[in-house]
1. Taking Lys254 as the anchor, which lysines have their alpha carbon closer than 22 Å to its alpha carbon, excluding any fewer than eight residues away along the same chain?
2. If I stretch the segment between Arg195 and Glu365 completely, what's the gain in nm (0.36 nm per residue apart, minus their alpha carbon distance), one decimal?
3. At 7 Å along Cα-to-Cβ for each site, give me the label-to-label distance between Ala183 and Ile108 in nm.
4. Counting only protein heavy atoms and a 1.4 Å probe, tell me what percentage of the range 316-432's accessible area is made up of carbon and sulfur.
5. Ordered by packing density, taken as the mean number of other Cβ atoms within 10 Å over each peptide's residues, highest first, how do 391-401, 309-319, 179-189 rank?
6. Relative to the present Cα-Cα distance, how much length would full extension add between Ile426 and Val236 at 0.36 nm per residue of separation?
7. Between Asp162 and Ala131, what's the calculated FRET efficiency when r is the beta-carbon distance and R0 is 25 Å? Round to 0.05.
8. Per residue, how large is the accessible surface of the range 237-371? Use a 1.4 angstrom probe and give square angstrom.
Amino acid sequence: MTVDPNSTQPPQPNETADSPNGTIATALEMTSVPGNGEGFSLGDGAQLPQEASPSDGSADAMSPRLSNWPASVLTLGAIAVMILGLAIDNVWVGYVSAIIAISAALLIIWPSWGKIWTTLIPSVWRSLIVASFGILAGITGLLMLSGSNTDLGSRNIVINWDAIGALGELIGALGQIMIAILAVYVAWRQYVISRDLTIQQNRITQQQTIDAYFQGVSDLALGEQGLLEDWPQERVIAEGRTAAIIRSVDAEGKAKILRFLSQARLITPLKRDRHLGRPILDGNGSYAEDRATGIRVIDLGAMLAGADLANMDLRRTDLGEANLVRANLSGCDLVRANLSRSILFEANLSRANLRSAKFFYGSAETASPRTRTLIPDYATGYNTGAVVENVDFTGVLNLLEENRYYCCAWCGSKARETIPGGCEGIPNKLGR
């Protein structure tokens, strides 16, 4: 369609002009102008060259440098003029150029001063520093005004220079004290950093030691004639390794070792073939337990007596027959832990999670604590319970009713007062 040059109606969007101007207009109508500041997008996907906007990162990076150039040139020029004024012995030229140099230098420094203030001085100290300057300024002002109105007809304000001199000496002494305090603070920070690095290094060393222990025990247990066979010498070596390492690690390391030994069934009494010494399978893909006559690969014995295991994760650990006399188990997670026949005499179980923990076998009414001479009866619970005399049960969580009955019956009159829910109606079978 041809557009009449004399016509006052503009061409429609769907019409194509034959003239060059019409072609340009149509091409511009096909473009889109994004609202995010990007360049024009043409129909073929091409883009027109973009102009650098003030928000561009490169422009922001260059603007401080460009803005500092005039001030820098002015500073250097003022210094040169000041030197010239000193050379020609012109005081006013020197004064004016010095003032201009100071002003230009402050103009350069001022934008970066806030960054220096926030970078070098912590936020906690900023208000303290400003307040200290305010106190010093106020004291100086009071001392300067302390001699005012002493003589009739004199000036209203008379500066007491003797007081100012004394104040200067005081500020000097305070400065030395502050320097000493700063030196002590720096030394303390160095000590804290060194201590943290030492603790971290000790943790790494301890973890490497525990990993080596795990590997050594695994090699013995998984060998052709390993600890799961009836080879007492290898079991003795494993117990010796365990006794040596469990006393040289902290509470977290002890918890890791106990979880490893429990999950590997190395401290659980296993049912064995009397002739071959091999453990017997239970038919469900695991080894059969034999609490009465089974043999443990590693017997903990008295390794944990008096141990500090506070707030550790001991879920599903087998602590049966372990000696935990005066052990600190406060805050421990003992969910489904086996504590049968363990010795918890005067142990601390405060705030421990005892959900589904096993203190005995059989019935709570017939169960009784272990003894040195009597054989346990796992059917009735006789002689299968833990020794809980004088145990601190303050704030224990999720204590089952049967466990509460057993603990109330055998913990003694002192410990009965710490059991949540009380022991009313439950006899004191311990008798003391």
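1. Answer for Lys254, where 22 Å is the Cα cut-off: Lys358, listed by chain and number.
2. On the way: separation 170, 0.36 × 170 = 61.20 nm, distance 5.33 nm.
In short, 55.9 nm is gained.
3. 3.6
4. On the way: 2510 of 5160 Å².
Heavy-atom surface of the range 316-432 belonging to carbon and sulfur, 1.4 Å probe: 49 percent.
5. The packing order, highest mean first, is 309-319, 391-401, 179-189.
6. Working: separation 190, 0.36 × 190 = 68.40 nm, distance 4.33 nm.
Fully extending the segment from Ile426 to Val236 adds 64.1 nm.
7. Numbers: r = 27 Å, r/R0 = 1.08.
Given R0 = 25 Å and the Cβ-Cβ separation, E is 0.40.
8. Details: 5780 Å² over 135 residues.
Per residue, the range 237-371 has 43 Å² of solvent-accessible surface.
The values are calculated or read from the model by the stated rules, or taken from the named source; none is laboratory data. Computed from a predicted model, the values in this text were never measured in an experiment. Note that we place each Cβ from the backbone using ideal geometry, even for glycine, and neighbour counts take in every protein chain shown. These area figures cover heavy atoms from the full protein model, side chains too; ligands, DNA and RNA do not enter into them. Shrake-Rupley method; radii C 1.70, N 1.55, O 1.52, S 1.80 Å.
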